[in-house]
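Only one structure is covered here, and it is reproduced in the block below.
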Amino acid sequence: MAVTVFDAMKLPVMERTKLVAGQAGLSNPIHWVTIVEVIEDETRLQQNEFLITTAYGLQNSTSAKREFIEKLSSRQLSAVAIQTGFYLQSIPQEFIEAANRYQLPLIELPSELNFSMITRELLQQVVNNRLHIAEFSESIYHKLTNLLITKQNLQSIADSLEQWINGHIIICDDEFVLLAGRSTLYSLEKLLHVVLDYSDSGSISIRNPTSNEKHSVSSFKMTYSEVCFNVRTSPIIAANSLLGYVIVLKEDDFSDLDLLAMEHASTICALEFLAKKQIKESQRRFKADLLTEVFRLEHSESREVQNRLMDLGMDLQQRHTVVQFYAQNCSWDATMTRTVEKFFDSLSLWYLSKETINGFIVLCRSDELLSITRQLEKRLTEWKNPKISAAIGASCAELVTLRESATDAELIRKYAPVLNPDSLVSDITSLEPYLPFINMLEQGLSLSKCYHKLLYPLLTAPYLLDTLETLLRNNMSRKLTSQELFIHRHTLNYRIEKIEGLTNRSLHQPRDRFEFQIALIAYRLSHEVQIKSGTIESG
C-alpha cells in the first residue's frame, strides 16, 4: 500500500503541523517529496508529489493568490504544505476554500520546522514502502513461477491469489468460459454471470469492449447478495492476443499489493495458456495427420493405424460418421474451427478432427452424433454470423469405408447450399433424389440434355418456371399455389394452360408431371451451381 497523506500526518515530525483544508484528499498517495521556494512554472510538478513551499512572491499579488491552489490542483499533487511566518503570516482564506473545493490537502508548517527534517522522514517512508512493494513483487513472482515450473494448474494460481488478496477469484478464457477460481461463499459460475451482466449495464462492457478497452484493466462497483463489491478485471495477454481474464471481487478497496499480485497472476496465466495452446496444437496436428491416413486406407487390416486410433480412445466396434462443417457466407477460418471444437469439447465426446481449406472435418461415433443432433442444430442456429452448416456423411462400420463417408460429406458441402439452402444440418439422404445429376456434374458432364428440350420454351419466361415448380411442390393444389404466388386463381389457370401449350405436355398426366419434376431438378441444380461457380450471373 502506498504512503498516503493520512500516513504522513501521523509521523512524529508532523506533530506541530496543521491540516487546514482538503480533508477529502487524505487518501492521496505520496510518490515523492518536492521543495520549491518560488513556484514560477507549476507544469514542472508531477502527479502525487508532496509539495513543500514558503509561497514566496504571493504575499503582494492578489491575482497570484487567487490562482495558486487552482493551478496546483491541476497537477494532481498529493498535498501542499506551506510554511508560514516568513512571506505569509497565515494561510489565506481563499487558499482554504480552494483546497476544500479541489479536495487538495493543505498543510500549515510552523516557521521553526526545518524542511530537511520533513523531507527525510517522508522520503524514508516512501522509499521503505517501495522496497516493501519490490520485495512483495519478487516474492509473488517467484511463488507463481514455481507453480508454473512444477506444472501446477490454473486452480493453484487462483488459490494462491485468493490467499494474497482475500477476495473472490475468477479465471476465464476470452469467451468467458470458467477455467478456475476460488470463492468460499458463492458459486463461481453464478458470480461470473453476475459480473458480466453488471458490466454490460454499465459504461464499460467486459463482454463487448471497444477496441481501446479490449486489452485494458477495468474496475467498477457492483452489489451481489446485498454486498457491495469492488470488481477488477485484468486481461490475460500474450503476443498481443487476448487469451482470457483474471477477475477479482472484494469488499475492501484494492491495495497496491493487490494490484501487483493480479498483474503477476495475469502474466503467469498467459504463460500457462500459451503452454496449453502449444500442447493442444501438437495434439491437433497429430490427430489431423492420423485422420488423413484413415481416409487413405485401402484395407482395414492396417494394424498400426488401428493401434494409434485405439490409443486415442476410438472404439473400433462402434460405427462412425464423418461430419464436415463449412461456412455458407464466407471463407472458413481458425475462429470457426475453435467454435466447433469448443462445442464438441463441452459435450465430452470422442472425436478426431482436421481443418481444411473448405471447412472443418470431424470423425465421431454415429450413435453419439445422433444423440446430439438437436443440440447441434440449436448451436448452428445461434452461430448466425458467420453462418456455419454441417454436412453429415454416411455411417460406417469399418475404417476402410470412412473415406466414403468423407466423400459424402464433401458432396453435401458443395450441393446442400444449392438444394437445401435453409437447412443447417444435411445428410446424404437429403441429396439422394439428386445423386444421378450430382454424379454427372462431378464427372464434368452437362445437365442441359436433361432439361433443355422440355423446359426451353419456358426459359424466357421465369414466372412460368416458378409457377410450374410451385404447383408441383404443392401436389397440384391450385389453391395453395395461387396463395403462395400471390396471384388470382384465373391467372394461375391461364399460366397452366400456357405451360401446357408451350411444352406440349399435360399436367394431368402422371408421366408428364414426372418428366417436369426431373427436368426442373436438373435445371435448378445446373443453374445454381453455375451461379456459385461464377459461370453465369444470378438474377
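Since every read-out is calculated from the coordinates, none of them should be taken as a lab result. Note that the structure is a prediction, hence the values are computed from the model and not measured. Cβ placement follows ideal geometry from the backbone for every residue including glycine, while neighbour counts extend to all protein chains displayed.
Dimensions of the chain from C-alpha coordinates, computed as largest minus smallest value along each principal axis and given longest first, are 119, 66, 42 Å.
How big is the gap, in Å, between the Cα center of the stretch 225-291 and the Cα center of the stretch 454-477? Comparing the Cα centres of the stretch 225-291 and the stretch 454-477, I get a distance of 60 Å. Lysine pair count for the stretch 311-428 with Cα-Cα distance under 20 Å and sequence separation of 8 or more or different chains is 9.
What does the highest-first list of 427-438, 216-227, 490-501, 316-327 look like by mean Cβ count within 10 Å?
Details: 427-438: 16.8, 216-227: 12.8, 490-501: 14.8, 316-327: 20.2.
In descending order of packing, they fall as 316-327, 427-438, 490-501, 216-227.
Quick check on the chain: of the DSSP beta bridges with both residues there, what percent are antiparallel, nearest 5%? So the antiparallel bridges in the chain amount to around 75 percent.
Residue by residue, the stretch 216-224 carries 3J(HN,Hα) couplings of 9, 6, 10, 9, 7, 10, 8, 10, 9 Hz when phi is fed to the Karplus relation 6.51 cos²θ - 1.76 cosθ + 1.60 (θ = phi - 60°); x denotes Gly or Pro.
Helices from the chain with mean Kyte-Doolittle at least -1.0 and a Cα length along the axis of 30 Å or more, per DSSP H: which? Don't skip to the end; give the middle numbers.
Values: long enough: 115-149 (50 Å, 0.17); 256-296 (60 Å, -0.13); 510-533 (34 Å, -0.34).
Qualifying helices, which must be both long enough and hydrophobic enough, are 115-149, 256-296, 510-533.
In the calculated pair-distance distribution of the stretch 297-434, the portion above 23 angstrom amounts to 31 percent of the Cα-Cα pairs.
Using only Cα atoms, figure out Rg for the stretch 151-275 and give it as a multiple of 2.2 N^0.38 Å.
Details: Rg = 13.3 Å, N = 125, 2.2 N^0.38 = 13.8 Å.
With N residues counted in the stretch 151-275, Rg over 2.2 N^0.38 Å equals 0.96.
Among 152-165, 111-124, sorting by the average number of other beta carbon atoms lying within 10 angstrom of each residue, highest first, gives 152-165, 111-124. Charging the Cβ of each Asp and Glu at -1 and of each Lys and Arg at +1, and nothing else, the dipole of the stretch 446-533 about its Cα centre rounds to 100 debye. Does the stretch 446-533 classify as rounded, prolate or oblate by the C-alpha gyration tensor (a ≥ b ≥ c root eigenvalues; a/c under 1.5 gives rounded; else a/b over b/c gives prolate, otherwise oblate)? Since a/c reaches 1.5 and a/b is larger than b/c, the shape of the stretch 446-533 is classed as prolate.
Normalised by the number of residues in the chain, what is the relative contact order in percent for Cα pairs under 8 Å and 6+ residues apart? Don't skip to the answer; put the middle values down first.
Details: 761 pairs, mean separation 43.7, N = 539.
Here the relative contact order equals 8 percent.
Bridges between two residues of the stretch 5-125, per DSSP, are antiparallel at a rate of about 20%.
Placing +1 on the Cβ of every Lys and Arg and -1 on the Cβ of every Asp and Glu, with nothing else charged, gives the chain a dipole about its Cα centre of roughly 1800 debye.
Across the stretch 446-533, the relative contact order, built from alpha-carbon pairs under 8 Å that are at least six residues apart, equals 43 percent.
Separation of the stretch 1-60 and the stretch 398-450, taken as the distance between their Cα centroids, equals 80 angstrom.
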